[in-house]
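Novice: The following block contains the structure, expressed as structure tokens.
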């Protein structure tokens with residue numbers, strides 16, 4: 001059980017800092033982090049970190065797929081986590 005929590009903290013931290021890095025690269029005009037990588041991290045249970053990164057850095061908030069998709073993915077992952085913890 002402890003490994004699951006360590007994984008959750010690491011993947012969400014990575015998602016958060018991935019959004020920070022992509023925002024910084026967008027502002028400075030450098031090579032960007034692919035949206036595919038962001039979605040993969042979010043799908044790998046890092047959606048909370050990606051969402052907090054979106055809100056904190058105001059990044060990808062105009063993209064409808066991110067505005068709706070990341071919170072939806074977060075809700076699904078929260079429900080699955082709840083059922084995993086209960087059983």
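The values are calculated or read from the model by the stated rules, or taken from the named source; none is laboratory data. Nothing here was measured: the structure is a model prediction, and the numbers come from that model. FYI the Cβ positions are ideal-geometry reconstructions off the backbone, even for glycines, and counts take in every protein chain you see.
Novice: I'd like to know if segment 1-19 contains one or more residues that are touching a residue at least 12 places away in the same chain (Cβ under 8 Å) and out of contact with any helix residue (DSSP H, G or I) (no Cβ under 8 Å at 6 or more places or on another chain).
Specialist: no
Novice: Starting from segment 29-50, keep only residues that are on the phi > 0 side of the Ramachandran plot and touching a residue at least 12 places away in the same chain (Cβ under 8 Å), then list their pairs with residues that are surrounded by 13 or more Cβ atoms within 10 Å (Cβ to Cβ) and not in a helix (DSSP H, G or I) whose Cβ atoms are within a distance under 6 Å, requiring at least 6 positions of separation or different chains.
Specialist: none
Novice: Restricting attention to segment 48-65, does a residue exist that is farther than 19 Å from residue 20 by Cβ and either surrounded by fewer than 19 Cβ atoms within 10 Å (Cβ to Cβ) or at pLDDT 95 or above (or both)?
Specialist: Yes, segment 48-65 contains a residue that is farther than 19 Å from residue 20 by Cβ and either surrounded by fewer than 19 Cβ atoms within 10 Å (Cβ to Cβ) or at pLDDT 95 or above (or both).
Novice: Same structure again: Taking only pairs six or more apart or across chains, which ones have beta-carbon atoms under 6 Å, a first residue in segment 52-70 that is on the phi > 0 side of the Ramachandran plot, and a second residue that is surrounded by 13 or more Cβ atoms within 10 Å (Cβ to Cβ)?
Specialist: Listed by first residue and then by second, the contacts come to 60/54; 60/66.
Novice: Oh, and also: All but one of (1) closer than 23 Å to residue 9 by Cβ; (2) surrounded by 12 or more Cβ atoms within 10 Å (Cβ to Cβ); (3) over 8 Å from the mean Cα position of the chain (by Cα) hold for residue 42, so report the exception by its number.
Specialist: For residue 42, the failing item is (3).
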